[in-house]
Structures are given as structure tokens and as C-alpha cells.
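Input: a single structure, listed below in C-alpha cells.
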Amino acid sequence: MAQTEIIADSARNGAESDPSPSVGSVLARALRGNVRQYGMLVALALIVLLFQIWTDGILLQPLNITNLIQQNGYILILAIGMMIVIIAGHIDLSVGSLAAFVGAAAAVMMVEHHMPWPVAMLVALVIGALAGAWQGFWIAYLGIPSFIVTLAGMLLFRGGTQILLQGQSVAPFPKGFQSISSGFLPEVGPHTDYHNLTLLLGLAVLVVAVLQELRGRRQTASYGLEVLPLGLFLAKLAVITAAVVVFTLLLASYHGVPIVLLILGALLVGFGYLMRNSIIGRHTYAIGGNEAAAKLSGVKSKRVVFLAFTNMGVLAALAGLVFAARLNAGTPQAGINFELEAIAAAFIGGASASGGVGTVLGAIIGGLVLGVLNNGMSLVGVGTDYQQVIKGLVLLAAVGFDVYNKRRAGS
Amino acid sequence: MAGPVLEMRSISKSFPGVKALSEVNLTVAAGEVHAVCGENGAGKSTLMKVLSGVYPHGSYEGEILFEGEPCRFKDIRASEQRGIVIIHQELALVPYLSVAENIFLGNEHATRGVISWHRTLTHAAELLRQVGLEESPQTRIADLGVGKQQLVEIAKALAKKVKLLILDEPTAALNDEDSRKLLDLILELKAQGISCIIISHKLNEIARVADAVTILRDGQTIETIAIGPEGISEDRIIRGMVGRDLEHRYPDRTPDIGEVAFEVRDWTVRHPIDQQRTVVDGASLNVRRGEIVGIAGLMGAGRTELAMSVFGRSYGRWSGGRVLLHGREVRTRTVPEAIRHGIAYVTEDRKHFGLNLIDDISRNISLSALGKVARYGRVDRHEESRVAESFRRTMNIKAPTVFTRTGTLSGGNQQKVVLSKWIFAEPEVLILDEPTRGIDIGAKAEIYTVIAELAAQGKAVLVISSELPELLGLCDRIYTMAEGRITGEVARADATQESLMRLMTMSTASSNEQV
């Protein structure tokens with residue numbers, strides 16, 4: 001599914017046509033305008049390759065891949081919401097604290113009040129929505145800068161967490177709840193060396209991805225736009241197929257698809273679609289691109305910003321639940337620096353500090369770049385001190401590269 | 001009188017595609033007040049930017065002699081060091097710093113980077129006395145009215161040892177009392193030997209303070225008139241300002257005018273920050289089906305403010321007035337409401353208020369009516385592209401495809417995208433604010449054709465323009481505005497550039513009474 005977004009974008013960016021394009025110029029044009037996202041995809045592949053060699057193949061072992069997903073799930077969930085907030089031209093510093101607060105609330109509900117875990121989860125998500133709406137209200141309707149409002153929220157929810165937990169960790173969670181973070185898709189069918197349902201799911205993803213590619217190509221052509229030459233297109237399909245097959249086999253040879261990956265996949269597809277194809281998504285980009293023009297075109301910018309923050313609240317709650325489930329405890333120290341990781345992921349993944357630019361897929365790619373760096377460096381034995389230095393430089397380099405590129409393109 | 005303090009000889013300045021100044025000459029005698037007049041876009045501001053070094057030496061042709069010496073200013077600082085200080089219409093004061101701090105901003109009384117407050121405050125107090133402002137130097141700028149802020153600007157210029165003071169529309173934002181004080185001050189400074197260039201639309205003020213007036217039109221010097229003790233008639237100045245050539249072909253049309261479609265009654269708007277100021281004062285107008293109606297007015301007349309306020313109260317603070325469509329009162333308190341009632345406003349400032357420059361043509365066109373290409377909240381990209389493509393063809397938008405970013409288009413093509421956006425919204429009433437500003441002649445003619453077609457389809461079209469020939473060529477009827485008021489309504493058959501300009505420069509003294 002992930003590929004469809006790039007196709008949609010390449011349809012737009014590969015737009016300017018000239019009579020007899022060479023392969024190189026087609027590629028160059030397809031890449032231009034979306035250099036950041038393609039660049040990051042390439043960078044991600046290179047980083048993976050680098051650490052694969054460096055760790056003597058440990059990085060891509062089924063166990064480690066599964067770990068990687070489960071360790072980074074909550075950051076990726078936050079990065080999706082953060083990307084939308086940043087596209088709208090805002091920022092949210094409170095998500096780490098809010099995640100902790102919701103995790104704590106869930107712990108209190110489930111452990112101390114023995115509430116059934118699905119009910120508690122639902123209540124927790126509603127708490128997140130209310131917290132997001134609270135901040136969105138101040139930002140959108142009262143015009144207070146989001147930096148200030150969410151900085152206040154960061155303190156507010158952190159303090160709230162400590163009050164709820166009274167400085168103690170609350171544990172343990174019911175088994176069912178823990179599985180949202182550490183569980184896997186159940187196994188069905190005959191015993192094979194692989195996880196059957198995972199194989200089926202992988203096959204389904206592959207079919208959908210290839211169909212989307214074909215559809216996108218047909219549609220692009222129907223606009224009279226230039227498409228990739230057939231050879232290159234087939235090569236692209238081959239790369240996609242290889243990536244899906246390898247990834248599926250890796251997961252299937254261990255415990256199968258982690259539940260958290262299913263959640264992420266659903267969010268990626270859902271929010272990707274929302275931002276690409278829905279009116280409200282379009283309005284979000286318009287506000288970030290030029291709020292004055294959007295308002296004068298009849299866009300209800302206050303409502304859109306309010307909803308973006310409410311949505312961020314729900315996703316922060318979800319991330320808080322996933323993190324609490326993984327830790328199997330609600331703790332006062334949860335979620336520290338999550339907001340910074342999520343913001344970094346969004347910017348590495350192609351967001352623009354002035355808003356109006358970015359994709360949900362970009363946020364995921366950015367998050368994965370950070371995640372693989374974390375995981376890979378830990379495996380090689382780089383200390384957390386140097387890890388932070390390196391991550392900081394990567395963020396600076398990614399955004400600096402983008403700014404440099406834009407300036408050269410004269411925009 | 002002594003020799004000239006300033007001579008600007010054959011100044012020419014081009015921007016891509018436009019020649020803003022062509023062989024302009026301006027000579028200011030020492031110790032005189034010299035007025036510069038001209039319609040919007042005549043080149044007054046450009047000329048002053050050349051003089052003050054905003055456009056550095058080398059970016060224009062011709063030469064500048066100040067006190068007999070050739071000058072090659074590389075920036076504003078260089079011209080200020082020679083004693084040329086420009087005060088812009090939009091004052092350049094920092095609101096939360098004190099009067100004294102503002103006066104010496106960039107020019108501080110300091111020793112090795114440490115400010116001497118004693119010298120700063122005593123010098124500031126002295127300068128304030130000189131300009132007749134009775135305020136403490138420690139007052140915050142934000143606590144002063146516009147009139148007093150203007151005096152602070154002049155004090156700031158005096159601190160820079162100004163020899164030639166340039167004032168761009170100094171009284172545009174002032175009430176009568178403050179205007180009178182300011183003009184008196186200018187005469188006082190003149191007595192102290194400070195020369196002054198004053199750009200103004202208010203011809204009665206020019207007649208009062210100026211010793212000579214230079215008239216610019218279409219980037220050229222038309223004439224310089226010395227004003228003797230007998231004064232000058234406003235008609236004499238108007239005759240020089242108007243008379244631009246009818247350089248464009250306007251579409252032939254036989255207007256088919258129906259009943260009144262759109263009506264504004266007694267519309268009053270106050271300034272968004274300075275709420276004492278009435279920007280639009282009891283304006284009433286109407287437009288019929290199939291009619292093209294113009295609004296003429298000089299800078300600061302309140303035309304854009306009226307239009308934006310009617311369009312969902314997008315400007316200032318509304319303080320009275322009604323909008324009627326086909327005789328029925330409608331509410332236009334928000335932009336979506338105005339759009340729902342079939343009103344469209346095409347902005348004069350397409351880059352800031354019209355387009356999302358980082359997005360493509362198709363998404364810009366669909367933005368104000370996304371619902372038309374969407375079902376159940378899902379945008380049909382295929383349909384959207386098809387719509388955009390048809391506009392690209394019919395409006396002749398010069399771009400490779402509809403997926404080209406609007407930021408890369410020329411001004412004329414950007415304007416066509418903005419127009420397409422609003423035509424796609426299918427309004428009944430279109431308010432077009434300076435629809436041909438800053439675009440080339442070919443694109444202008446195309447846009448005139450589009451406007452004529454819209455009227456032929458039975459839409460009510462209101463055109464705001466600073467170009468009188470454009471209004472005369474296009475409109476069936478023209479309103480004039482000055483100082484926030486409608487000062488006249490003229491049928492095309494009865495209108496001439498002179499008669500319009502007279503209405504546009506009519507002073508409505510009572511409109512600015514202090515509240």
C-alpha cells in the first residue's frame with residue numbers, strides 16, 4: 001500500500017513533459033520535487049544495508065525485525081499525527097506527556113479498578129481526544145500559538161500523570177491488553193515452516209500494491225502525462241515485489257505479523273487516504289500552504305486546525321496505550337522525549353517547517369530512519385551518548401539538504 | 001532661491017517585463033517643498049526607492065546629484081548618511097520600544113556598544129520639542145496615535161541630520177487636525193532649511209504647502225509646475241495626472257442589463273487595530289445582472305477594504321451596513337457564508353491572498369468549491385484534473401500541465417488561475433480587485449474578454465481598478481471613492497478621466513472626525 005502515495009505524487013511531479021525524454025531525464029524528473037521522500041527512501045535502504053553488513057546480518061534477522069517494529073510502533077503512531085499537525089502549520093510538544101498520561105489513566109482503570117481492558121482502552125482514547133480538543137480550542141479558536149499551548153500541555157499532562165500514579169508504577173496489565181504491543185496475528189491452518197496468515201496477508205498486500213501501481217499508471221497516462229517507460233516500470237514492480245516478499249518471509253519465519261504492525265498499517269492506509277483524497281485533507285494542505293488564501297477561499301481553517309489537534313490527541317493516546325502495554329506498566333517516566341522523536345521523524349520524512357508540505361508515508365519513512373539508526377547503533381554497541389549526536393546530525397542534514405535543494409530550484 | 005539640492009537625471013528602471021520609470025527627471029531646489037503627483041502605478045514610489053537606495057546604484061540608469069555631487073547609494077544607510085531620509089506610508093516604528101529608542105534605532109547614542117540613556121533621553125526630548133510633540137521620550141510607540149507616530153518618524157529623521165525629507169502619503173492615515181499640524185511642521189522645517197519631497201493624493205494639501213509640483217504618469221515626467229504666490233488650481237494638476245493612453249483594446253459588448261442583483265447599503269468598517277479610524281464610511285452601491293460596475297479611487301480610498309469586508313468580513317471591524325441579493329438581505333459574516341450566497345472576491349494580492357504557491361494549478365482552482373469535484377468527502381482527482389484542464393484551455397493558462405506549481409507561473413497566468421478558481425465556484429456576483437495589476441498587455445486583453453463574458457452570462461461584476469482607462473473601457477457605470485466614502489456615481493457615457501479624478505480627489509472633510 002505504501003507505494004501508492006509515491007505514485008500519486010510522481011504523477012504530479014513528473015508533470016512537465018518534453019517530446020523525447022531519455023531514461024535519465026525521466027528518472028530525474030520523477031525524483032525532482034519529491035527529492036526528500038525518495039531521498040529518504042534511498043537513505044533508509046542504505047542505512048539498512050550498512051547496518052546489515054555492520055551487524056553481520058543481525059539487523060535483518062526475523063527476531064530483530066519484529067523487535068524493531070515493536071520498539072518503534074508508538075513513535076510511528078505519533079509521527080503520523082505530528083505530520084498532519086505540521087502540514088497544517090503547527091507543532092505539538094505535548095504528545096509525550098499526553099501519551100504518558102493516557103497510559104497512566106489506563107493503568108489506573110485496568111489495574112486498580114479492574115475495568116475490562118477493551119472498555120478501558122476506549123475510555124483512554126476518548127481522554128486523548130478530549131485533551132487534543134482542549135489544546136485545539138486554545139490554538140484554533142483563541143489564536144494562541146501552538147508552541148505555547150502545547151508547551152503548557154506538556155507540563156500539564158506530565159503533572160497529571162504523576163498525580164494519577166502518585167509517583168508509583170502501576171502494573172501488571174491483563175494479557176489481552178499486553179497483546180496490542182507484544183502480540184501477533186494468530187496462526188491458522190496446517191503446520192508449515194512459515195506463519196500461514198502472514199503469508200496470506202503478504203500476498204494480499206502484494207496484489208493490492210501491484211494493482212494500485214497499474215491503476216496509477218493508467219490514470220497518469222489518461223491525463224496525457226508522461227509515465228515511466230515500460231522497462232523502468234517493470235523494474236519498479238520487481239523492486240516492490242521483492243521488498244514485500246522478503247519482508248513477509250522474514251516476519252512469517254518468526255511469530256508472524258505483530259499486532260502493532262497491523263495497527264500501523266491501518267493508520268498508514270487510512271490517514272494516507274484521508275490526506276490525499278479527502279476534502280479535509282486538502283484543506284489541511286491549503287491552510288499550511290497559505291492560510292490567508294485558504295480562508296478567502298472559504299476554508300474553515302479554525303475547524304480544520306481544531307480537528308488536527310483532536311486527532312493528534314487520539315493518536316497520542318493510542319501511542320500511550322501501546323507503550324504502556326509494551327512496558328506492561330503505567331509509569332510516571334513514560335513518553336519522555338517522544339514528542340521530539342515524532343517531530344524529528346516528520347521533518348526527516350519531508351515536512352516543511354512553514355507547513356503545507358509532507359505525506360503520511362513520509363512520516364513513517366522518517367520514523368523508520370530514526371528507528372533503524374537506534375536499533376543498528378545499539379546492536380553495533382554505540383553508546384546512547386553518540387547515538388543522540390548522530391541522530392541530531394541526521395535531522396540537520398536531512399532538513400538542510402531539503403532547504404538547499406529548494407533554494408537551488410529557485411523556490 | 002539657491003541652486004538645486006537634488007537633481008535626478010534621466011532615471012530609468014525596469015522590472016522583468018515592465019518599464020517602471022523611463023527617463024524621469026526631478027529637480028528639487030534647496031529649501032523648497034516639492035510635491036510629486038501621479039496616479040497609482042505612475043512610478044512615484046519607484047522613483048523614491050531609487051533615490052533612497054532601496055534600489056541600489058547599478059540597478060537603474062541615470063544619475064543622481066545631491067548638493068551638486070553625484071551619488072551612488074548602495075543601500076538606505078548610504079543615502080541616510082548623506083541626509084536623505086524617507087518616511088514610508090506604513091510607518092517603520094517598533095511598537096513596543098519607547099519613543100526615544102525608536103528615534104535612535106540603528107543610530108544609537110552609545111559608547112562601545114553601551115547605550116548612554118542620558119544622552120538618548122535628553123536628545124530625544126529636544127527633538128520632540130522641535131517637532132512639537134508633547135510626550136515623554138519614554139512613552140511606548142504603541143500607546144501613541146498614528147498622528148503622533150508620524151511626528152516621531154520626523155524626529156527620527158531629524159536625529160539623522162536630514163537635509164532632504166521624503167514623505168510618502170504622510171496624511172493618508174491622519175485626521176484633519178493631525179494633517180494640519182503635520183503640514184505646518186513641514187513648513188516650519190522648510191524655514192529651517194530642510195528640503196522636502198511630499199508624495200500626496202490630496203491636491204488641496206499640495207496647493208497649500210508645495211512650492212513646485214512634478215507630475216508623473218506611466219513612469220515618465222509629464223511636467224514640473226512652479227507654484228507661485230497665487231497658488232495652483234486642482235484642475236491644473238488633474239489635467240497632468242490623467243490622460244493615459246487607451247492602450248488596450250477592450251472587448252465590444254452590448255450590455256444586457258437586468259434587475260439589481262447585488263446591493264450594499266450604508267456599509268461602514270473600522271480599522272482592525274486603530275478602531276477609532278473609519279476606513280469605509282457609509283458606502284452604498286449596487287450592481288445589476290449583466291452589468292460591469294467599476295470602483296475608482298486612489299490609494300487609501302477604502303475600495304479593497306470595502307470589498308473584503310463585504311466578502312465575509314475579511315477585513316477590519318464591521319460597524320454597520322447590509323448586503324442584499326435580488327432585494328433580499330443576506331448574511332455575509334463569514335467567507336463560507338458569502339460564497340454560499342454566490343459572492344466571489346478575486347483579490348488584488350494574488351500571492352498573499354489568492355494562491356497556494358507551493359501547490360499545483362488543479363488544486364488551486366478547485367479549492368473554493370471542492371465539493372463540486374467530491375463525493376462523500378472524497379475528492380475525485382480525475383474529475384478535478386479534468387476541470388482544471390478545461391480551464392487551462394479556455395483561459396489560456398500558459399503552463400505545461402495542470403500539475404505545474406502556481407509559484408512558477410508568470411503574474412498573468414497566476415491571475416488566470418485565481419480567476420478560474422472563482423469562476424469554477426459559479427458565483428452570481430464577482431468582485432474583481434485590480435484584476436490586471438502587474439500583468440502584461442496580452443494577458444490584460446484576455447482578462448478583459450473573460451470579464452465581458454461573465455457579464456454576458458448575466459453575472460453582476462464589480463471591478464476595482466486604479467487605471468481609469470481600464471474602468472472607462474470596461475464598465476457600464478463607475479463609482480468613485482475617496483477617504484472611505486462613495487463620492488460619486490457616473491454612467492460611462494458621462495465619465496471622463498478628468499471628471500473621475502476630480503471625484504477621486506474630493507476631500508470629504510467630515511469623514512475623519514476624531515471620536
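Based on DSSP H segments of at least four residues, each scored -39500 (n - 2.57), chain A has a per-residue ellipticity at 222 nm of -24500 deg cm²/dmol. The protection proxy used here, the mean number of other Cβ atoms lying within 10 Å of each residue, ranks peptides B:481-494, A:286-299, A:367-380 as follows, highest first: A:286-299, A:367-380, B:481-494. Write out the GluC sites (Glu not before Pro) in the range B:390-457 meeting two conditions: DSSP loop, and at most 12 other Cβ atoms within 10 Å of their Cβ. Hits after loop and neighbour filter: nothing returned. Loop-located trypsin sites (Lys or Arg not before Pro) across the range B:75-112 with a Cβ neighbour count of 11 or fewer within 10 Å are B:R112, with loop assigned by DSSP.
Could you tally the net charge around A:G298, taking each other residue with its Cβ under 10 Å from the Cβ of A:G298, Lys/Arg +1 and Asp/Glu -1?
So the environment of A:G298 carries a net charge of +2.
If each DSSP helix of 4+ residues adds -39,500 (n - 2.57) and the sum is divided by the residues in chain B, what number results at 222 nm, nearest 500 deg cm²/dmol?
Dividing the helical sum by the residues of chain B leaves -9000 deg cm²/dmol.
Among B:T122, A:T248, sorting on how many other beta-carbon atoms sit within 10 Å of each Cβ, with the fewest leading, yields B:T122, A:T248. Charge dipole of chain B (Cα centre as origin; +1 on each Lys and Arg Cβ, -1 on each Asp and Glu Cβ, all else neutral): 1560 debye, rounded to the nearest 20. Put a dot 7 Å past the Cα of B:R378, heading toward its Cβ, do the same for B:H118, and the two dots end up 7.9 nm apart. Beta-bridge orientation, the protein assembly as shown: approximately 60 percent antiparallel, per DSSP, counting only bridges with both partners inside.
Of A:A334, A:A120, A:A106, the residue with the greatest mean-square motion in the GNM of chain A, using alpha carbon springs below 10 Å, is A:A120. Give the residues of the range A:52-89 whose amide nitrogen is closer than 18 Å to a point set 7 Å from the Cα of A:I336 in the direction of its Cβ. Answer for this model: A:75. With R₀ set to 41 Å, the beta-carbon distance separating A:Q388 from B:A142 gives a calculated FRET efficiency near 0.45. Projected onto the charge dipole of the protein assembly as shown (+1 at Lys/Arg Cβ, -1 at Asp/Glu Cβ, origin at the Cα centre), which of A:V369, B:C71, B:A100 gives the Cα projection farthest towards the positive end? The residue sitting most towards the positive pole is A:V369.
When the Cα positions of B:V280, B:Q81, B:F424 are compared along the charge dipole of chain B, B:F424 comes out farthest toward the positive end, with charges on each C-beta of Lys, Arg, Asp and Glu.
Local charge for A:G96 was computed over the other residues whose Cβ lies under 14 Å away, with Lys and Arg +1 and Asp and Glu -1, and equals -2. Note on chain B: antiparallel DSSP beta bridges, both residues inside, total approximately 60 percent of the bridges counted. Would you check the range B:4-241 for Lys pairs whose C-alpha atoms are within less than 19 Å, ignoring same-chain pairs closer than 8 in sequence, and give me the count? For the range B:4-241, qualifying lysine pairs total 22.
Peptide A:279-289 shows a mean partner chain C-beta count of 5 within 10 Å per residue C-beta. Taken along the Cα-to-beta-carbon direction at a fixed 7 Å, the label points for B:D349 and A:L203 span 6.1 nm. Counting neighbouring Cβ atoms within 10 Å and putting the fewest first, the residues B:S22, B:S195 line up as B:S22, B:S195.
Peptide B:355-368 has a mean shielding of 6, counted as Cβ atoms of other protein chains within 10 Å of each residue's Cβ. The mean number of partner chain beta-carbon atoms within 10 angstrom of a residue's beta-carbon across peptide B:397-403 is 4. Across the options A:G313, A:G298, A:A324, the greatest Cα extent toward the positive end of the charge dipole of the range A:278-411 (unit charges at beta carbon of Lys, Arg, Asp, Glu) belongs to A:G298. Seen from A:A308, the other residues with C-beta closer than 15 Å to its C-beta sum to a net charge of +2, counting Lys and Arg as +1 and Asp and Glu as -1.
With the simple model of a label 7 Å out from the Cα in the direction of the Cβ, A:I58 to B:E259 spans 8.4 nm.
Charges were assigned to the Cβ only: +1 to each Lys and Arg, -1 to each Asp and Glu. The resulting dipole of the protein assembly as shown about its Cα centre is roughly 1880 debye. Peptides B:434-440, A:83-89, A:356-362, B:322-328, ordered by how many other C-beta atoms sit within 10 Å of their residues on average, highest first, read A:83-89, A:356-362, B:434-440, B:322-328. Neighbour counts of other Cβ atoms within 10 Å put A:F184, A:F157 in the fewest-to-most order A:F184, A:F157.
Coordinate-derived values only; no laboratory data. What you are looking at is a predicted structure, and each value in this text was computed from that prediction instead of being measured. Glycine gets a Cβ as well: all are built from the backbone with ideal geometry, and neighbour counts include every protein chain shown.
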